[in-house]
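The values are calculated or read from the model by the stated rules, or taken from the named source; none is laboratory data. All values derive from a computational prediction rather than experimental measurement. Cβ sites come from the backbone with ideal geometry, for glycine too, and all protein chains shown count toward neighbours.
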Amino acid sequence: MKSGWIVALALAAVAAEAQQKIEVKTTSAVADGRVVIDSQAGTIHVVGWARDAVEVGGTLGRGAEGLNLNSHGARTDVEVETRGNPHGVRSDLEIKVPAASQIEIDSFSADVRVEGVTGRVRIETVNGGLAVSGPAQEIDAQSVNGRVDIAAACPRIHAESVNGAVTIKGARGEIEASTVNGRLVVSGEAFQKGSLSGVSGSVQFEGALAERGWLEVETVSGGRRRSARTSTCRASAAGSKTSWVRRRARRAATRRSRSCGSRPAAAARGCRSRRCPARSTC
């Protein structure tokens with residue numbers, strides 16, 4: 001019986017060491033300054049708020065020595081300090097930042113979520129999923145092994161994953177998105193230009209192109225390259241709807257397709273859905 005209590009106490013001590021609750025820390029920050037976050041594993045949740053301050057809470061993982069929160073000039077650093085290999089220290093951070101902040105997050109295996117930030121957002125991780133929502137000014141989200149989900153009326157988006165799906169909703173302006181092993185889905189309004197590419201998996205675009213806007217889709221499967229470039233041919237005028245789907249190649253031949261322009265007169269010149277289909281599958 002005594003040995004059972006000893007084991008229980010030992011397990012409780014290990015659990016306490018494994019997770020250290022962060023005493024909430026706050027520092028003043030420039031409204032549109034940079035917030036640089038470095039936590040190599042676990043979860044990172046960033047929320048924009050109306051105060052000119054950065055607040056950090058959550059828990060630190062086993063092997064963490066502390067949390068560094070420091071502001072100097074227009075830059076604020078949030079860093080989990082560790083001993084030994086930082087990639088094995090799983091911490092869960094809850095971070096509030098001024099809504100107009102420029103966010104930079106580097107991680108190895110953290111799942112990252114950013115909400116309500118109107119400034120630029122840049123996120124890089126190796127093994128983790130990324131999610132961004134809200135009216136960010138610009139988004140750059142990259143993961144090696146993990147899905148990328150973006151729901152933002154953002155004028156400039158770059159999103160990519162090697163092993164994971166990429167989903168972008170409500171976008172506009174300029175977009176560049178790619179995945180190697182996973183599905184790529186993009187929807188939005190008034191795109192000026194877009195470049196979508198996939199290797200193994202489907203690529204789907206549904207939205208409207210602005211006047212003189214263009215979309216380029218490229219897929220590679222089985223060593224065969226397929227590409228297309230299209231503008232709003234079907235209804236021709238700016239703001240018209242177009243949907244483009246390219247699935248894994250099943251044919252040996254390579255096919256290229258180019259549209260007539262996005263001018264309203266294109267329809268009168270006989271621009272058919274054969275060249276700019278409402279929905280195309282290969």
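Here is a yes/no grid of residues against (1) assigned by TED's automatic domain parsing to the domain that holds Glu124; (2) under 21 Å from the mean Cα position of the chain (by Cα); (3) modelled with pLDDT of 95 or more:
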position	(1), (2), (3)
Ser3	no, no, no
Ala15	no, no, no
Gln20	no, no, no
Asp38	yes, yes, yes
Ile44	yes, yes, yes
Arg62	yes, no, no
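Somewhere in the range 150-173, is a residue surrounded by 22 or more Cβ atoms within 10 Å (Cβ to Cβ), touching a Cys at 6+ places or on another chain (Cβ under 8 Å) and at pLDDT below 95?
Yes - at least one qualifying residue is present in the range 150-173.
Take the range 144-159 and flag every residue that is in a strand (DSSP E or B) and in contact with an Asp or Glu (Cβ under 8 Å, 6 or more places away or on another chain).
Answer for the range 144-159, where residues must be in a strand (DSSP E or B) and in contact with an Asp or Glu (Cβ under 8 Å, 6 or more places away or on another chain): Val148, Arg156, Ile157, His158, Ala159.
Can you confirm whether the range 124-132 contains a residue that is farther than 25 Å from Gly63 by Cα and not aliphatic (A, V, I, L, M)?
Looking for residues that are farther than 25 Å from Gly63 by Cα and not aliphatic (A, V, I, L, M), one finds none in the range 124-132, hence no.
With the structure loaded, tell me whether Ala141 is part of a strand (DSSP E or B), at pLDDT 95 or above, assigned by TED's automatic domain parsing to the domain that holds Val117 and surrounded by 18 or more Cβ atoms within 10 Å (Cβ to Cβ) or whether it fails that test.
It is true that Ala141 is part of a strand (DSSP E or B), at pLDDT 95 or above, assigned by TED's automatic domain parsing to the domain that holds Val117 and surrounded by 18 or more Cβ atoms within 10 Å (Cβ to Cβ).
Looking at (1) at pLDDT 95 or above; (2) at positive phi; (3) of a type outside the set (Val, Ile, Thr), which is the only condition Lys96 fails?
Going through (1) at pLDDT 95 or above; (2) at positive phi; (3) of a type outside the set (Val, Ile, Thr) one by one, Lys96 breaks only (2).
Please specify each residue of the range 177-224 satisfying the condition of being among the charged types (D, E, K, R) and more than 12 Å from Val166 (Cβ to Cβ).
Listed by number, the residues that qualify are Glu189, Lys193, Glu206, Glu211, Arg212, Glu216, Glu218, Arg224.
Of all the residues that make up the range 88-105, how many are in contact with a strand residue (DSSP E or B) (Cβ under 6 Å, 6 or more places away or on another chain) and assigned to a strand (DSSP E or B)?
Of the residues in that region, 12 qualify.
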